[in-house]
């Protein structure tokens with residue numbers, strides 16, 4: 001796993017740029033050549049545990065990484081799909097290597113965005129299925145530059161990033177038969193009926209908005225709720241031809257960099273219930289867009 005070491009400025013590029021990476025970590029010593037030979041792939045970079053990083057500190061683990069170059073893009077899937085095509089068909093080998101060498105897998109995105117060019121950050125069912133099959137996680141690193149300010153300007157406003165999580169059920173004519181009180185992190189969570197479409201209404205089960213820069217706690221709370229209702233979710237989806245989606249809304253201020261992570265257990269449950277996962281970020285100057293979604 002690499003650190004974002006590219007520093008784009010308005011003089012370098014005025015487009016949102018994205019790089020996607022698939023990585024493998026080993027907490028103990030591991031011969032990365034084994035992975036290259038088993039997968040028949042040449043990594044972009046490798047690193048042995050104990051080697052000095054760019055920060056001149058010993059690497060805490062061994063890593064094997066394959067990544068795309070930075071490209072102008074407004075959708076993470078533009079960079080992810082070439083990686084998945086490269087890895088497709090190698091799931092069983094990855095599973096075997098994971099078990100034999102206690103490996104950790106992940107897909108990671110590195111994004112430099114301008115506030116009016118926030119890219120779409122949605123993990124499709126196909127991506128979630130692949131990551132579930134190999135026991136992987138997903139992470140997004142994003143730095144947002146205000147359109148009207150140079151990147152080196154420090155903002156001093158006191159507000160921080162705030163986050164909420166919504167579970168969307170699309171296609172249901174009536175309120176889904178689930179218990180919102182199971183959502184421990186927010187006892188006031190409730191069902192909200194959204195827009196009516198030709199395929200039925202969209203229903204939202206959402207947490208309250210909380211000031212935090214880490215998606216993990218709220219996302220896990222929602223996942224724990226859905227886990228209790230897993231069998232019901234699966235049967236209702238099949239009987240009523242529903243579609244499910246979890247959306248993490250982050251309202252970003254002060255050019256903070258929110259921690260966006262979906263761990264292996266999150267990916268696994270999403271795959272079981274057939275849901276997608278999307279991260280939606282709004283910069284402080286875009287408050288009206290947040291309210292227009294009807295999710296506050």
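Here, each number is a calculation from the coordinates, and none is a lab measurement. Being a predicted model, the structure only gives us computed values, none of them experimental. With ideal geometry, Cβ positions are generated from the backbone for all residues, glycine too; neighbour counts draw on all protein chains shown.
In table form, for the structure just shown:
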| quantity | calculated |
| --- | --- |
| Highest average packing first - 274-281, 39-46, Cβ atoms within 10 Å | 274-281, 39-46 |
| Ranking of 109, 167 by count of other Cβ atoms within 10 Å, fewest first | 109, 167 |
| Chain lengthening between residue 52 and residue 257 when straightened (0.36 nm per residue, less Cα-Cα) | 71.3 nm |
| Cα-derived Rg over Rh, computed across region 17-145 with Rh taken as Kirkwood radius | 0.98 |
| Per-pair calculated FRET efficiency, R0 = 25 Å: residue 278 and residue 44 via Cβ, rounded to 0.05 | 0.40 |
| Proxy reagent accessibility, fewest Cβ within 10 Å first, across 25, 123 | 25, 123 |
| Modelled FRET efficiency - R0 22 Å, residue 27 with residue 96, Cβ distances, 0.05 increments | 0.75 |
